[in-house]
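> Sharing a structure, written as C-alpha cells. Questions coming.
Each reported figure results from applying straightforward, stated rules to the coordinates on display, with no laboratory input. All values reported here derive from a predicted model rather than from experimental measurement. So basically every Cβ, Gly included, is an ideal-geometry build from the backbone, and we count neighbours across all protein chains shown.
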Amino acid sequence: MLLIKLAFLNIGRNPRRSLITVLAVGVGLATLIFLWGFSDGTADEMRENVIRLFTGHIQIHAHGFEKSLSPELTLPDRLGLIEKIKAGPGVQSVTERVKCEALIGTTEHSRGILLMGVDPVQESEVTELEKHIRKGEFLSPQGNRELLIGDRLAEKLHLEIGDKAVVMTQAIDGTLAGFAYRVKGVFHTGSQQVDEMTAYITLAAGQELLSMGEETHELVIQLVDRESIPSFLATAKGMLDRETYEMFPWYEVVPEPELWLKWYEAIMRVVLVAVMVVIGVSIMNTVLMSVFERMRELGVMMAIGTSPRQIINLVLLETLVLEFFGIILGLILGYLVVFYFGKVGISFHELEEALSQSYVSTVTYTHVHPGHVLESVITLLIISSFISLYPAWKAGHMEPVKAIYRT
C-alpha cells in the first residue's frame, strides 16, 4: 500500500509530463483500436459479400463437379438430400441451382460467362442478389426466357433492358444447346468477377437449356451465421457419402478473400508492435526522467534500508499506473471512434474501380472484435513493462552515497 501511495505521489510531481505520457498511451491505443475496427469491419464485409452475393455459407455438389463443371454431374437423390440438410444444425434455407460455362452473344459481341440457373423465390432467401438490381427487375418464377446480367457484362455486350442475347452451352447429353433470352434486369454488386462474368436465368430455364429434366447441380445452404459453419460441417460429413458428394464452405469455393485477409492481419500485427514500441519508449523516457530527478531521494531511501527490489517495484508500479490510465483513456476514445464510424461508415466510392477486383464494399462500417482489443492491451503491457525495466534496474542498482551527493 505504501508503494502505491508513493507511486501516485511521484507521478503527481510533474502532472504535465505524466499527462502527456497518459495521452500518448491513450491516443496510441485508440488509434490501434480504430485500425482494428476498420480491419475487422472490412474483413466481415468482404466475407458477408461473398456469402450474400454468390456462395451462401455451404455448397454441396456431386463429387468432382466444382473442378470440372461437367453438366452431367448432377446431384444424386437430391430430394432426399435436401430433407437431410434442412434437418441440420443452424440451417436457415436451402436452394437448388444449375451451373455451367456458357457463351453469351449478340449479333456483334460475345463473351464467355458462368451461367447460373436459380429459383427466383428460394435464391432470395439465400443470397441478396435481388437487392443489387440497378436496372429492370429480378427474375420472375415463370420467366423461362428471362436473363439477368451484371452491368459490366451488359456494357461489354451493349445490352439494355428488353434486348435479346443468345446463350449457348453443352447440354447434359454432350450436344450443343442454345436459346435466346431477353434481358430482364441488370445488377451491380461491385465485384468485377460477378458483374462481368456471371449471368442468371431461372432454374427451369437452366434445366431446359441443359436437357436435365428436374436434376440440379448444386445445393446452396444459408445458415444462421458464419459461426454455425463448423457445427454444420461436422454433422453433415456424417450423413454424406464422400465418394458421391462434395461439400465446400464458402471460403473454399472463393478462397481469395481469406488469403488476402490473412496477409492484411499480419500487416496489422506488425503495425501493432511498432506502435507499442513507440508508446513503450515514451513511457520509458518519462520514468527515466523521473528517476534522474529523484536520484538523491532514492539514495536516501536506500540508505535508510529500502531494498533494491523495493525501489525496482516502485518504479515499475509507476509505469503500470501510467499505463493503466492510458489504457482506460485509449479504450474510451477507441470505442467511441469505432462506434461513430460503425454508424456513419467510411466511404471509398472513388476507389470503386480498384475495389472491384475484390469483394470489398465501397463503404466500410467499423466494428472491433474484443479479442483484437485484448491482444492490443496485453501487447502494450508486455512491451511497455519490458522497456521500463531499464529505468527500474537503473534506480535499483545505484550506489546510495553517490546518489545522495549527486549534483
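> Which of the pairs Lys67/Lys135; Lys86/Lys131; Lys135/Lys156; Lys84/Lys131; Lys99/Lys135 have their Cα atoms more than 27 Å apart in this structure? Numbers along the way, then the final one.
Details: Lys67/Lys135 33 Å; Lys86/Lys131 25 Å; Lys135/Lys156 16 Å; Lys84/Lys131 30 Å; Lys99/Lys135 24 Å.
Correct reply: Lys67/Lys135; Lys84/Lys131.
> Restricting to DSSP loop positions (anything but H, G, I, E, B) with no more than 10 other Cβ atoms inside 10 Å of their own Cβ, which GluC sites (Glu not before Pro) remain in the range 70-102?
The qualifying sites: there are none.
> Can I ask one more? What's the FRET efficiency of Glu375 with Glu125 using the Cβ-Cβ distance as r and R₀ = 41 Å, to the nearest 0.05? Before the final figure, lay out the partial values.
Values: r = 37 Å, r/R0 = 0.90.
Once the sixth-power term is evaluated, E becomes 0.65.
> While we're looking at this one, here's another question. Describe numerically, in nm with one decimal, the distance between label points set 7 Å from Cα along Cα→Cβ at Lys343 and at Asp163.
Simple spin-label model gives 4.5 nm for this pair.
> Also: Take the alpha carbon atoms of the range 34-107, find their center, do the same for the range 116-190, and report the distance between the two centers in whole angstrom.
With the range 34-107 and the range 116-190 each reduced to a Cα centre, they are spaced 17 Å.
> Which FRET efficiency value, to the nearest 0.05, do you get for Asn285 and Ile328 by plugging their Cβ-Cβ distance into 1/(1 + (r/R0)^6) with R0 = 25 Å?
So, using R0 = 25 Å, E works out to roughly 0.75.
> Where in the range 82-101 does the label zone of Asp225 land, with the point 7 angstrom along Cα→C-beta and an amide N cut-off under 15 Å?
90-92
> Full extension from Asn313 to Ala87: what is 0.36 nm times the residue separation minus their Cα-Cα distance, to one decimal in nm?
Between Asn313 and Ala87, full extension yields an extra 75.3 nm.
> May I pose another question? Using Cα pairs under 8 angstrom and six or more residues apart, how large is the relative contact order of the range 64-241, in percent?
In percent, rounded to a whole number, it is 32.
> Could I ask something else about it? Once you've got the GNM for the chain with C-alpha springs shorter than 10 Å, pick whichever of Ala62, Ala205, Ala236 has the biggest mean-square fluctuation.
Ala236
> Ignoring solvent entirely, what values of log10 I(q)/I(0) come out of the Debye formula for the range 91-195 at 0.10, 0.12, 0.13, 0.18 Å⁻¹ when each Cα is a single scatterer?
For the requested q values the scattering log ratios are -0.27, -0.39, -0.46, -0.90.
> What spacing in nm lies between the two simple spin-label points modelled at Lys135 and Leu176, each 7 Å away from Cα in the Cβ direction?
Placing both labels 7 Å along Cα→Cβ, they lie 2.9 nm apart.
> Please arrange Leu19, Leu32 by counting, for each residue, the other beta carbons lying within 10 Å of its beta carbon, fewest first.
Leu19, Leu32
> A further question follows. Sort Val373, Val126, Val271 so the one with the fewest other Cβ atoms within 10 Å of its own Cβ comes first. Provide the component values of the computation, followed by the final result.
On the way: Val373 20, Val126 23, Val271 14.
The order, fewest Cβ neighbours first, is Val271, Val373, Val126.
> Candidates (i) 26.2; (ii) 27.6; (iii) 19.8; which is the computed mean projected area of the Cα convex hull in nm²?
Computed from these coordinates, mean projected area of the Cα convex hull in nm² corresponds to label (i).
> For the residues Arg47, Arg97, Arg242, Arg145, what sequence is obtained by ranking on other C-beta atoms within 10 Å, fewest first?
Arg242, Arg145, Arg47, Arg97
> Here's a follow-up. Remind me, relative contact order of the chain in percent, using alpha carbon pairs under 8 angstrom and six or more residues apart?
After rounding, I find 29 percent.
> Considering amide H positions built from the backbone, and no H for Pro or chain starts, which residues 5 or more places from Met116, or on another chain, come under 5 Å of its amide H?
So Met116 has HN proximity to Ala199, Tyr200, Ile201.
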